[in-house]
Structures are given as structure tokens and as C-alpha cells.
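The values are calculated or read from the model by the stated rules, or taken from the named source; none is laboratory data. Worth saying up front: this structure is predicted, and the values here are computed from it rather than measured. Cβ coordinates were reconstructed from backbone atoms using ideal geometry, including for glycine residues, and neighbour counts include every protein chain displayed.
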């Protein structure tokens, strides 16, 4: 998930595009046609997509860190195998998304460089720490649940390569949420301490999960343009409400309470109404000052630097083999 | 430090169903052997295929979207290429 990029500014230059081309482009969007890599597209559309898709990719990659933290300490082999598979999926999802972004004319190296230099954003949620095993349950249930809510509409997004990547990701991700809920369920049916651990995880992850959908519609200036171009299909607030409505009964089934005294069911509309979100915290985390921002980027930088010799060696080996093959070909001729 | 770019490969997979290899995405790798390995890890984590092709992306020649009408429009006016264009009396039966 992790479409918070859609709320940042940069779609201002539409006026400079060739009006005839722009009109044809928008007619295709209106007709629900998919835009493909070599098709003409407005610069603002391209830039919005590069930013959004690469931020989504970065989020998948950074998202491996909080969970990777628990692989060696999973409580059973079954849980360990599932967590390992989930983290591996996230690596794969990052790669599908980087590949989709590259079809818009940026290179993988540039995208990685933007992340490591701290110029690119990733979802705010991954800057929170995973303190106990219950956090792995809460992440699967809430964070992947929120991600799926956000990603399903993206399967119909107007840019073809992004939509195709999202279809694949959504198919693979439903196990992520179910395994998380299963962890929560097991803890809630366990000892009092285990249930308290699950409650503590819900208390810490609930509000950050709601923030994943991004700022309220009223403050999200670029939602309109992204909706017009069908990059985005539902607003932040609509998706957030959908998530709350789906998740609250699941939490009650676990026998847990939500850390929101204002949470109540509204009979008239059939929606769960929730209290005010602390947007100051959201902005602080997004600006780089969450509990783990520095640690996450530091871990990515270290992994990239420590892998440099492997990439260099692979390229050198391939070049050597190519030279030998060429020499043999010449000799044979 | 500017890294040397890792070559890009397009990945094609034949699913169990016996259909043709189908494009599934791309990977970066130094050579064909590593591209196959990366494609296997990235695109077949759930038994998606029985065979993988990797092709250097730079080796693919593609038609220009701007030529779409010139290339594909002519077939629209050739209904006689389809079986339904021809009349066969009902008593002749299925043909």
C-alpha cells in the first residue's frame, strides 16, 4: 500500500501540454482504456506515477525490516515459514513495482539512490518498532489489511504496468492478512499475558494503521487530479472508513478493545464512527522524525553498501565470459 | 558513487496449462544465468510455471503506438476472414 505519495504536490504543469494530445489522452482515460509505456502522456501524469509507484516500491522494501526483525524469533516452525514467505513476498512486490516505475523512463539505480539519500518517501507505518511477537500479528491483520483495502482499487488504475503489478500483488497478499489475524486469534485464546500482548499491539498499531490512508480529503490537494486521471479511484477518507468498518467487528471477535473512546456504531449509516486522528504525529513521522526513521534508512544503506561487491563481481564475471565467448567466435571464424 | 547499471531482462513463463510462454515482468541481472535465477525467485513463488525464458530487454523491437491505426485498422474492414461471413444452409448442419 502505501499511496501516501498521491497527496504531495507536483501536478501543476498540465496547462503547458499540447491541448489536442491532452484531450485525446483524457478521452482514452474516460473510455477506461489503459495507458501503456510508449503512449503519449502528460508530464504531470508521468511524474505523479513515478513518484507514486516508486514510493510504493520503497515501502515494500523498507516494510521487510520491521517483520524481518522477528524471523529468527518466531515461536514455531510454522510461524517462521509463514513469516519468511511473507517477507520474501514483500521483496518480490517491491521488485514488480520498481519494474513498473522503470517503464516510465527512470532507472532502478536512480530510484534506489533516491531512497538511500532520503529524498524519496515510503509509508509512514514502517517507522514504528516491532516490540513483541504480537506486533507481527497486528501488522498482518491491520497493516496488510489497510494495504489490501488501498490496493484493490489500484488493480484498475489507468496505467497498465502499475495495474498489472497490483493484480499480482493483491493475489499474493491475502495470505498476509489472514496469517496476521491467525496470530492474533491464537494469542487471544491463550494465557492472560498472551491476550494482553495482543491488546498492547492493537493499541500501538491502530492509529498508525488509520494514518496509512493519508491526510483527510480536505487537505489532500492533489486527490482531484489523480482521480480525474484514474490513477486513484477512491479518496483517502472513503478507503479509511471502509477499513474501519471491516476491521472493528474482527477486533471484537478477538475480544479486544480499540484504543478510541469515541468509536461507536452509527445505526443510521451502518458505519463505525471513530475519533480524531493525530495528524501532527503523521506529519512528524513522514518528515523523518518517527521512532525508527533513521534506523530504517541506515539498515537499507548498509545492506546496499555491503552488497556492492556482489553486484560488481557479477558484472565483471559476465563481462569476462562475454569476452571469452567473443574470442572463441572470432577464432572459429 | 554512480553504479554501473545492471542489464534489464524481460521474463516469460509457461504455466502448467501447456499454453505459450507469457510475459510476466522484468528483472535486472548481470547475465542470462543470473536472470533466470532472479526470474525464478521473483515470479514463481507459488508454482506459476514450468519453464522460464529471459530475453535482454534491449533485444526487443516493438511497434510504435502511433502506427496503431495504420497497422491494425485494415483488418476491421475484412469480415470475409471470419467464418461467420459465409452462409451455409441449416440442413447442411455444423461446419
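Points to keep in mind about this one:
- In the set (1) within 14 Å of another protein chain (Cβ to nearest Cβ); (2) closer than 29 Å to residue A:295 by Cα, the condition left unmet by residue A:132 is number (1).
- Which numbered condition residue A:50 misses (of (1) within 14 Å of residue A:229 (Cα to Cα); (2) more than 13 Å from chain B (Cβ to nearest Cβ); (3) buried (at least 16 other Cβ atoms within 10 Å of the Cβ)): (1)
- Qualifying residue in segment B:8-22 (condition: at pLDDT below 95, out of contact with any strand residue (DSSP E or B) (no Cβ under 9 Å at 6 or more places or on another chain) and surrounded by 13 or more Cβ atoms within 10 Å (Cβ to Cβ)): no
- Test for residue A:204: is it over 19 Å from residue A:74 (Cα atoms) and assigned to a helix (DSSP H, G or I): yes
- Residues in segment A:88-124 that are modelled with pLDDT of 95 or more, more than 11 Å from chain B (Cβ to nearest Cβ) and within 13 Å of the chain's Cα centre (by Cα): A:90 only.
- Residues in segment B:54-95 that are in a helix (DSSP H, G or I), under 16 Å from residue A:36 (Cβ atoms) and in contact with a strand residue (DSSP E or B) (Cβ under 8 Å, 6 or more places away or on another chain): B:57 alone.
- Index of the failed condition, residue B:67 passing every other in (1) within 12 Å of another protein chain (Cβ to nearest Cβ); (2) surrounded by 10 or more Cβ atoms within 10 Å (Cβ to Cβ); (3) farther than 30 Å from residue A:173 by Cα: (2)
- Of all residues in segment B:39-62, those satisfying the criterion of being at the interface with another protein chain (Cβ under 9 Å from one of its Cβ atoms) and exposed (fewer than 12 other Cβ atoms within 10 Å of the Cβ) are B:46, B:62.
- Evaluation of residue A:121 against the conditions (1) in contact (Cβ under 8 Å) with a residue 24 or more places away in the chain; (2) under 27 Å from residue A:283 (Cβ atoms); (3) in a helix (DSSP H, G or I) shows that the sole unmet condition is (3).
- Segments classed as helices (runs of 4 or more DSSP H), wholly inside segment A:246-333, with at least 3 members that are without any contact (Cβ under 8 Å) to a residue 60 or more places away in the chain and closer than 30 Å to residue A:219 by Cα: A:279-284
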